[in-house]
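Chemist: There's a structure below that I have some questions on.
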Amino acid sequence: MTKPSEPGGRAGPPDDPTRAGSARSGEARPALPDDPTRAGSARRGEARPALPGEGGRAGPPLIDLRSDTVTKPSAGMREAMAAAEVGDDVFGEDPTVNRLQERAAALVGAEAALFVPSGSMANQIALLVHCQKGDDVIIGEGAHNVLYESGAAGAIAGVQFTVVGRGGLYTADEAAPDVKPDNHHNAPTRLLCVEDTHNRGGGRVWPRAQLAGVLALARERGLATHLDGARLFNAATALGCSAAELAAGFDTVSFCFSKGLGAPVGSVLCGSQARVHRAHRFRKMLGGGMRQAGVLAAAALWALDHNVARLGEDHAHARMLADAVAEAGGARVTLAPVETNIVIFDVPDAPGLVARLREAGVLMLALGPGRVRAVTHLDVGRGDMERAVATVRRALQ
């Protein structure tokens, strides 16, 4: 059977609708829609579709600082996704996924990596790789694995957490007394987990000496280590080092493409060949096997090429916001100075402030009755940030 030709003259598979003009029945492929993602961002200043709940609110577009996960794929990223070469990744035959996994492993100095749908799945697979049911895991206060993964550690991996330290970080001296022996009385400690940067800690970065101390404790006690590096590149940017330097010494490392890096989906779990082989089975068990996932991997590769070097801009914008909150009075920034792209501050009435900010065109997240979080990201440029800062000043007066 003759295959329809592709750009560049290479014959392509007949059923690949990503090739221009080669839909299954031979019809011309419809053009990609205009990129709606940057509409409304400070960099363009154009109107964008209304956000849920925005309704007919008058005035400039909303500035969304609820999370760095709200970004939309850029035009360049969408083009990369549309042009991605794909295969069946469950068979290990998607070349774009394979290329992403090789690159991700190299970035953190690991032997191998596995592309998964989410950071939560990466963390849960790490628990399954390192632990058995009934084991104990030492982890920092407010960790994502504890608070934001729907109880999966207990329900799926069957482990218990021992929380140590304050503000998300802990020292070797704080963790050491809670390392439980392997006897018939205790849930034996098998794993130390580190979250870097730490979300609930206000985007805190682990000092490298403190990290080294925790890793030394793990080696001394024969414990495995997992780095939840969802925003690992933010940490590396803040410290002026490489992701591989921060990942060195950990048995497994995960990082996310949809937090800060602007991709729509996906994380990776990195480690030795043997651990990633074991992780592959758990990904299948948890329903994370994807078929022609190259369209998603292409977005992640594009993000690594274009959106890592600019993370310092987000950090600068977060410092602008933190300074405005501190100067306005009536609020307290929980981490000063702000280290990365997350600003958490305490106010008397967080839901009330969030509602007033929304009416004025700025979205933030209430973490409870008296705490607010804002996260800067690539869809909020300098002009939008200046407007957000002015709005926050007025709302806090």
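Chemist: Using the Karplus curve 6.51 cos²θ - 1.76 cosθ + 1.60 with θ = phi - 60°, what ³J(HN,Hα) values do you get for each residue of the range 238-255, in whole Hz, with x for Gly and Pro?
Modeler: 5, 8, x, 10, 8, 4, 4, 5, 6, 8, 4, x, 7, 6, 9, 9, 10, 8
Chemist: Would you mind computing Rg(Cα) / (2.2 N^0.38 Å) for the range 51-173, counting N as its residues? Show your work: numbers first, answer last.
Modeler: Numbers: Rg = 19.6 Å, N = 123, 2.2 N^0.38 = 13.7 Å.
Expressed relative to 2.2 N^0.38 Å, the Cα Rg reads 1.43.
Chemist: Label A75 and A326 with points 7 Å out from Cα along Cα→Cβ: what is the distance between them in nm?
Modeler: The two pseudo-label positions are separated by 3.9 nm.
Chemist: Sticking with this structure for a sec: I'd like the antiparallel share, as a percent to the nearest 5, of DSSP beta bridges with both residues in the chain. Before the final figure, lay out each step's value.
Modeler: Numbers: 23 of 41 bridges.
Expressed as a percentage, antiparallel bridges in the chain total about 55.
Chemist: Name the long-range amide H neighbours of L169: under 5 Å, sequence gap of 5 or more, or other chain; modelled H, no Pro or chain starts.
Modeler: Here the answer is E141, since their amide H atoms fall under 5 Å of that of L169.
Chemist: How do 331-342, 304-315 rank on mean C-beta neighbours within 10 Å, highest first?
Modeler: On the way: 331-342: 21.0, 304-315: 17.1.
Ranked by mean Cβ neighbours within 10 Å, highest first: 331-342, 304-315.
Chemist: Calculate the FRET efficiency for K133 and E245 from the Cβ-Cβ distance with a Förster distance of 51 Å, rounded to the nearest 0.05. Could you put the intermediate results ahead of the total?
Modeler: Values: r = 34 Å, r/R0 = 0.67.
It comes out at approximately 0.90.
Chemist: For L363, list long-range residues whose amide hydrogen, built 1.01 Å from N in the peptide plane, is under 5 Å from its own amide hydrogen.
Modeler: Here the answer is I63, D64, L65, since their amide H atoms fall under 5 Å of that of L363.
Chemist: Something else about it: Which number gives the lysine pairs in the chain that have C-alpha atoms under 27 Å apart and are eight or more places apart or on different chains? Don't skip to the end; give the middle numbers.
Modeler: On the way: K72/K259; K133/K180; K133/K284; K259/K284.
Summing the qualifying lysine pairs gives 4.
Chemist: A follow-up question, please. Hey, got the dipole for the chain? About the Cα centre, +1 on K and R Cβ, -1 on D and E Cβ, debye to the nearest 20?
Modeler: On the way: 43 positive and 44 negative charges, 94 e Å.
The calculated dipole for the chain is roughly 460 debye.
Chemist: Moving on to the next point. What percentages make up the Cα-Cα pair-distance distribution of the range 198-243 when the bins are 10 Å wide from 0?
Modeler: 24, 50, 24, 1
Chemist: Convert each backbone phi in the range 174-183 into a coupling constant with the Karplus relation 6.51 cos²θ - 1.76 cosθ + 1.60 (shift: θ = phi - 60°), then list the ³J(HN,Hα) values in order as whole Hz, x for Gly and Pro.
Modeler: 6, 7, 3, x, 9, 6, 8, x, 8, 9
Chemist: Could you tell me which of rounded, prolate or oblate describes the range 327-392, using a ≥ b ≥ c as the square roots of the eigenvalues of the alpha-carbon gyration tensor, with rounded for a/c under 1.5 and, failing that, prolate when a/b is larger than b/c and oblate otherwise? List each step's numbers first, then the result.
Modeler: On the way: a/c = 1.63, a/b = 1.18, b/c = 1.38.
Here the range 327-392 falls in the oblate category.
Chemist: Okay, next question. Beyond 15 Å, what percent of the Cα pairs of the range 311-365 remain?
Modeler: Summing the P(r) of the range 311-365 above 15 Å gives 50 percent of all pairs.
Chemist: When the C-alpha atoms of the chain are aligned to their principal axes, what extent does each axis show, in angstrom, from largest down?
Modeler: The principal-axis extents, from largest down, are 69, 56, 36 Å.
Chemist: Counting only the backbone N, which residues of the range 310-343 are under 11 Å from the spot 7 Å out from the Cα of R371 toward its beta-carbon?
Modeler: From the range 310-343, the list is 334-335.
Chemist: A follow-up question, please. So if I take the centroid of the Cα atoms in the range 329-374 and the same for the range 184-224, what is the distance between those two points in Å?
Modeler: Each part reduced to its Cα centre gives a spacing of 29 Å.
Chemist: What fraction of the DSSP beta bridges in the range 175-290 is antiparallel, stated in percent and rounded to the nearest 5? Spell out each step's value before the answer.
Modeler: Details: 6 of 14 bridges.
In the range 175-290, DSSP labels about 45 percent of beta bridges as antiparallel.
Chemist: Show log10 I(q)/I(0) for the range 229-344 at q = 0.09, 0.20, 0.24 Å⁻¹, two decimals, from a solvent-free Debye sum over equal Cα scatterers.
Modeler: -0.33, -1.12, -1.34
Chemist: Report the FRET efficiency, 1/(1 + (r/R0)^6), for A390 and E111, where r is their Cβ-Cβ distance and R0 is 35 Å, rounded to 0.05.
Modeler: Details: r = 49 Å, r/R0 = 1.41.
Efficiency at R0 = 35 Å is approximately 0.10.
Chemist: At q = 0.23, 0.25 Å⁻¹, what log₁₀ I(q)/I(0) does a Debye calculation on the Cα points of the range 208-297 give, no solvent, two decimals?
Modeler: Scattering profile of the range 208-297, log10 relative to I(0): -1.25, -1.32.
Chemist: Using r as the Cβ-Cβ distance of V90 and T162, and R0 as 35 Å, what FRET efficiency do you calculate, to the nearest 0.05?
Modeler: On the way: r = 36 Å, r/R0 = 1.03.
Here the calculated transfer efficiency is 0.45.
Chemist: Also, quick follow-up: Could you tell me the ratio Rg/Rh of the range 280-385? Both radii from Cα atoms, Rh via Kirkwood. Let's see the in-between values first.
Modeler: Values: Rg = 18.1 Å, Rh = 16.2 Å.
A ratio of 1.12.
Chemist: Ok, one more. Can you run phi through the Karplus equation (6.51, -1.76, 1.60; θ = phi - 60°) for the range 285-297 and list ³J(HN,Hα) in whole Hz, with x for Gly and Pro?
Modeler: Computed from phi, the couplings for the range 285-297 are 4, 8, x, x, x, 10, 8, 7, 7, x, 5, 7, 5 Hz.
Chemist: Another one. Provide the gained length on full extension for the span A155 to R103, in nm with one decimal, where the gain is 0.36 nm per separating residue minus the Cα-Cα distance. Working shown, then result.
Modeler: Details: separation 52, 0.36 × 52 = 18.72 nm, distance 3.24 nm.
Gain on extension, A155 to R103, equals 15.5 nm.
Chemist: Next question, about the same structure. With only Lys, Arg, Asp and Glu charged, each at its Cβ (+1 for the first two, -1 for the last two), find how big the charge dipole of the range 97-157 is about the Cα centre; round to the nearest 20 debye.
Modeler: Working: 3 positive and 6 negative charges, 49 e Å.
The calculation lands at about 240 debye.
Chemist: So between S272 and R356, what do we pick up on full extension, going 0.36 nm a residue minus the alpha carbon distance? If you can, show how the numbers build up before the last one.
Modeler: On the way: separation 84, 0.36 × 84 = 30.24 nm, distance 4.94 nm.
Value of the extension gain: 25.3 nm.
Quick note: the coordinates plus some simple rules give every number you see, no bench work behind them. None of the values given here were measured: they were computed from a predicted structure. Glycine also receives a Cβ, built like all others from the backbone with ideal geometry; neighbour counts cover every protein chain displayed.
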